[in-house]
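**Q** Could you have a look at this structure, given as structure tokens, before my questions?
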Amino acid sequence: MQNLSDVEAERPNSKPNYSSPGLLSKQSCENYTGAPVAQRIEQSPPKRKVAGSTPAEGTQDFSGNAKETTMSEQPESPIDNDMESLEIVRRRVLAVGFLSIILHGVVALIWLGIVYRNDGRASDSFIMFFMSGVLAIITCVGTRVILKRAPWSTLWIAVSLAPTVIAVLWR
């Protein structure tokens with residue numbers, strides 16, 4: 001009986017016989033030119049730079065020159081955007097809470113002014129209406145400051161004084 005290595009020596013570019021494992025010679029494995037082998041499958045992907053990364057402050061660039069980074073050069077991270085959004089929501093919630101609590105005082109002063117006016121106490125009624133107007137302006141300015149807006153806005157001060165003006169003119 002002929003050995004597998006003898007057969008392969010006669011045909012060096014032939015396919016090896018896989019039906020009898022362990023009988024393949026070193027030469028048959030080296031000369032095998034069968035099916036194509038996938039190349040670079042087990043290689044790791046090339047290393048990439050992190051998108052948007054900047055060197056640390058005071059580091060040197062590739063030319064050896066010292067480089068200072070400023071805040072305007074650094075891109076905003078998603079965490080910064082999330083924190084900014086969270087801060088806006090916090091301010092809006094605080095403004096709504098402040099506005100709803102203080103408006104109770106404005107409405108109560110207007111109501112007292114109407115009650116005093118109906119009782120014939122004009123001076124007390126005037127004081128209550130005046131106080132409701134002052135409290136309405138404080139409410140408007142306070143709410144705008146909480147929202148990081150300019151404190152004085154003619155439109156919003158007029159809107160905040162509207163209930164007091166209506167109460168004074170209403171008979």
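None of the figures in this text is laboratory data; all of them are computed from the coordinates on show. Bear in mind that the values here come from a model prediction, so they are computed numbers and not experimental data. Positions of Cβ are backbone-derived with ideal geometry, glycine not excepted, and every protein chain shown enters the neighbour counts.
**Q** Scan region 134-160 residue by residue and report those that are closer than 16 Å to R92 by Cβ and among the aliphatic types (A, V, I, L, M).
**A** V145, I146, L147
**Q** Given L155, L135, L86, which one is in contact with a helix residue (DSSP H, G or I) (Cβ under 6 Å, 6 or more places away or on another chain) and free of Cβ contacts under 8 Å to residues at least 60 places away in the same chain?
**A** Of L155, L135, L86, the one residue that is in contact with a helix residue (DSSP H, G or I) (Cβ under 6 Å, 6 or more places away or on another chain) and free of Cβ contacts under 8 Å to residues at least 60 places away in the same chain is L135.
**Q** Hey, among the residues in region 130-171 that are of a type in the set (A, V, I, L, M) and not in a helix (DSSP H, G or I), which one's nearest to H104 (Cα to Cα)?
**A** Only one residue fits best here, namely L147.
**Q** Take the residues of region 143-171 that are more than 24 Å from F126 (Cα to Cα) and among the small types (G, A, S): which is farthest from the chain's Cα centre (by Cα)?
**A** S153
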